[in-house]
Amino acid sequence: MAARLVQRCCWRHLVTFTCAPAAAPATLLLPNGKLPAARALPHTPLASIHISVPSAWNADRFSVKEQVEENSNSEHRAILNLIEAATSPQELFQLGELHSLNSNQASLVITRLSRLAVEKNLETGGILQDERFQQLIEIVDSQISQVWNNTLVGLLKSLYSLGMESSSREMQSVEHEVLWRLRRLAFRQLASLAEFLAVKQGKESKLLNEVIKKLELRWTELEGTRTVVMLIAKVGHISSVLMDRLEDKALELAEQFSPEDIRKITLALAYQNRRSVPLLRAMSYHLIQKHSELNLSILMDLIFAYGKLNFHQPQVFQKIATDLQPHVSAMTPVEVTRCIRSFAFLKWLSLPLFEAISQYALDNAKQLSIAHLCSIILSFARLNFQPSGSEDFFNMAHEELQGQLDSLEPQLLTDLVWSLCVLQQAKPPYLQHVLAPDFHAVIQGDLSPRAQNLRMKLIQINAAAKLESPEYQGPFLPAGMLSAAEPAAEKVTLLQSSLREALAGVLGSQDNGRWDVHTIYGWQIDAEMVLNSENKPLPLKDFAAPHLPHSEGTKPLPPGARRIAFLRWEFPNFSNRSKELLGRYAMARRHIQAAGFLVVDATCQAAPGQRGDQ
C-alpha cells in the first residue's frame, strides 16, 4: 500500500508539473450538442505503466519539484538572492527575523552561515549559541521531511563544519533523515557526502559506511573523471570493494585524465599501497603521449608515488628526470632530497639530474641541514654515483659533517658511514664512531629486524675498515659479533637454483663447493670453489678459510690455486645493467676481491616479454 501511494503521488506531481496547460482549451461539442464519449482505456496496473521522465528527475527525485517551485515562486527566488548576497551572520539572522522562512530556506541560511564562517575565519561558538540560530534549527527540525535532498546534504555538512554536537537532538534528526533518504539521493550527492564524511569523521562514521554501501551498489552510475578521481583520493582507502570498482572505472577513463588527475590517483594508490599495474600502465602511457609539460609539484609527486609502489616505467622516469633538471637550482632542500631519494629507491640513475643535484649541494651548502646532506649522500651511495666534481663535493660534505656526528641518531649515523664506505670516502673518524664498543653495545642481544639490519651494516663497515682503509688502526668489531652475522634463511630464487644446477656438473663432488656462504665481511657468497693451477676443483674442507667465522681446514692454498666466488646479480628493474652502478653490489665485489677471491657475476637473461613493471 505504501509503495502504491508513493507511486500515485509521484504520478500526480509529474502530471501537475509537466503536463499542466498554460490556458484551458475550448470545449469541443458534437453536432448534436453533446460532449464526445470518453474512450475506454484498458485497465493497466500503475506499476506497469512506462513514463518518460527527464533524466534530472531520475537523478534526484525531488529535483523536478524543487526546480518548478524555485522558478515559479518569486518570493522564494528573492529570499535565495538575499541569502547569497549576505556578507555577515547578522545579515542572515536579520533575514530570518524579517521573513517567515520555511525549513528549506532555513537550511539554506545555515549553509550560508557555515560558508561565511570558513571564508572569514569566524568563531563558530558564538554562531551556535545565538538564539536566532536556535530558531533556525527549530524550523528545520519541525519540518525536516520537507527539506530538499540537495539542501539536506548541504545542511548536514554545514552543521558538521560549524561544530554542532553530534549528540544533540537536532543533529541526530538531520543525520537520521539523510540516512532515511540515502536510496533517493543522486550518485553525485552520495559521492559528495562520502568525501566530506571521510575527511571529517573517518572510518568510524556509521553514516559514511552506509553511504559507501550505496556507492558500491550503484557504481555503474559513476560518470566523469572528477568524481572518479575524488572518490579514489578521498574515499577509496575505506572500502577495498569500492576501490576495485573505482580502479576499473579509472582504467576506462584513463585517456581523459589530466596530469593533475594522474597525480592524485597515483598518490592515492601509493598511500594505499595498491599496485594496480593495468591502471598505472595506462596512465603512464597517456602521460607520455599527451602531456608534454608537467609542473614541478606533479613531477615530484609522480616520482614519489612510482618509488613507493616500486613501479618501473623507463620512459616516464626519463621524462621526469629530464623535466626536473631545469628546476633543480630553484628547488628547496626538502624538494631536492625527496626527489633524489625517490630516484635512488627506484634504482634509476640519471647522470645529468644527479650532477645538477651535486652542484646544487655545493651552491647551497649553508642552506642544507645535516639531514638533507645525509639524504643526498645515502642516495648517491645507493647507485654508487660519483659526481664529476667528486673532490669538491666530498670536501664540502666532510666540512659540514665535522663535529655533527654525535648529534645523529644511531641508525642515521650507521647509514651515513656505510654510504661513505660504498663511495670509498669513509675517513677514520667516521669509522671510529660506529665501531666503538659503546656504539654497538646497544644492539647486543636485540633480535629485532631493525637491530639485525644495523648489525649487518656495522659488519660491512668493519670489513671496509680492514680491507680498504690501511690507515685505520681500530677499534674493530669483536669476533663474536662477526660470527652472528648470518641472516634468516630466504627462499631460493630461480637464479640460485639455476646456478647450482650449472655448477653441479663442473664440481663433480659436493665437497668441491660451498653454497650460500656467510662471510665475516657481512656479504653472502652464493657459491664458492677452489681451482688448482690446471683449473680443476679441489675439496674446500682441506684448506683454511679466513673469510669464514670457523674454518674447517688449516692448509694454505697450493701454488697457482685460486678461490672463485659467484655473486648473484638480480636487479631486473635496474636501469643500467653495469655491476659498478649499484652501491651495495659494488662494495660487496670490492671486499670479496680484496679477500683473495676471483669474483664471477652470476646473472640471467630476462624471459621474453618480462617487464620491470610486473
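The values are calculated or read from the model by the stated rules, or taken from the named source; none is laboratory data. Note that the structure is a prediction, hence the values are computed from the model and not measured. In this analysis, Cβ positions are derived from the backbone assuming ideal geometry, glycine residues included, and neighbour counts consider all displayed protein chains. Note: accessible area is taken over every heavy atom of the protein model, side chains too, but ligands, DNA and RNA are not part of it. Shrake-Rupley method; radii C 1.70, N 1.55, O 1.52, S 1.80 Å.
Among residues other than Leu267 whose Cβ falls under 15 Å from its Cβ, what is the net charge (Lys/Arg +1, Asp/Glu -1)?
+3
How much accessible area per residue does region 371-488 have, counting only protein heavy atoms and a probe of 1.4 Å, in square angstrom?
For region 371-488, the solvent-accessible area averages 45 Å² per residue.
Could you pull out every residue, at least 5 positions away or on a different chain, whose amide H is within less than 5 Å of the one on Ala602? Hs are placed 1.01 Å off N in the peptide plane, and Pro or chain starts have none.
Amide H neighbours of Ala602, under 5 Å, 5+ apart: Leu567, Arg568, Trp569.
Region 490-533: which trypsin sites (Lys or Arg not before Pro) are DSSP loop and have at most 14 other beta-carbon atoms within 10 angstrom?
Sites meeting the loop and neighbour criteria: Lys491.
From the phi angles alone, apply the Karplus equation (6.51, -1.76, 1.60; θ = phi - 60°) to region 467-477 and give each ³J(HN,Hα) in whole Hz, x where the residue is Gly or Pro.
Result, rounded to whole Hz: 9, 10, 10, x, 7, 7, 10, x, x, 10, 6.
In whole angstrom, how far apart do the alpha carbon centroids of region 331-359 and region 374-429 sit?
15
Please give the net charge around Ala594, taking every other residue with its beta carbon less than 15 angstrom from that of Ala594, where Lys and Arg add +1 and Asp and Glu add -1.
+4
Hey, what do the phi angles of region 267-278 turn into as Karplus ³J(HN,Hα) couplings, whole Hz, using 6.51/-1.76/1.60 and θ = phi - 60°, x for Gly and Pro?
Each residue of region 267-278 in turn: 5, 4, 4, 5, 5, 8, 6, 9, 9, 7, 4, x Hz.
Ignoring any ligand, DNA or RNA, what whole percent of the accessible area of region 335-447 comes from carbon and sulfur when the probe is 1.4 angstrom?
Of all accessible area on region 335-447, carbon and sulfur atoms account for 50 percent.
Suppose every Lys and Arg Cβ carries +1 and every Asp and Glu Cβ carries -1, with no other charges. What dipole size does region 443-518 come out with about its Cα centre, to the nearest 20 debye?
Taking the Cα centre of region 443-518 as origin, the dipole is about 160 debye.
What is the extension gain from His291 to Glu91, computed as 0.36 nm multiplied by their sequence separation minus the C-alpha to C-alpha distance, in nm to one decimal?
67.2 nm
What FRET efficiency, computed as 1/(1 + (r/R0)^6) with R0 = 41 Å and r the Cβ-Cβ distance, is obtained for Asp511 and Leu447, rounded to the nearest 0.05?
0.75
Out of the total accessible area of region 86-218 (probe 1.4 Å, heavy atoms of protein only), what percent is carbon and sulfur?
Taking all protein chains in place, region 86-218 shows 46 percent carbon and sulfur surface.
May I ask you to give the solvent-accessible area per residue for region 494-603, in square angstrom, as obtained with a 1.4 angstrom probe?
Using a 1.4 Å probe on heavy atoms only, each residue of region 494-603 averages 48 Å².
In Å², and per residue, what accessible area does region 212-329 have when probed at 1.4 Å with the other protein chains present?
It amounts to 45 Å² per residue over region 212-329.
Percent of accessible area on region 494-603 owned by carbon and sulfur, 1.4 Å probe?
53
Tally Lys/Arg at +1 and Asp/Glu at -1 over every other residue whose Cβ is under 13 Å from the Cβ of Gly202; what's the total?
+2
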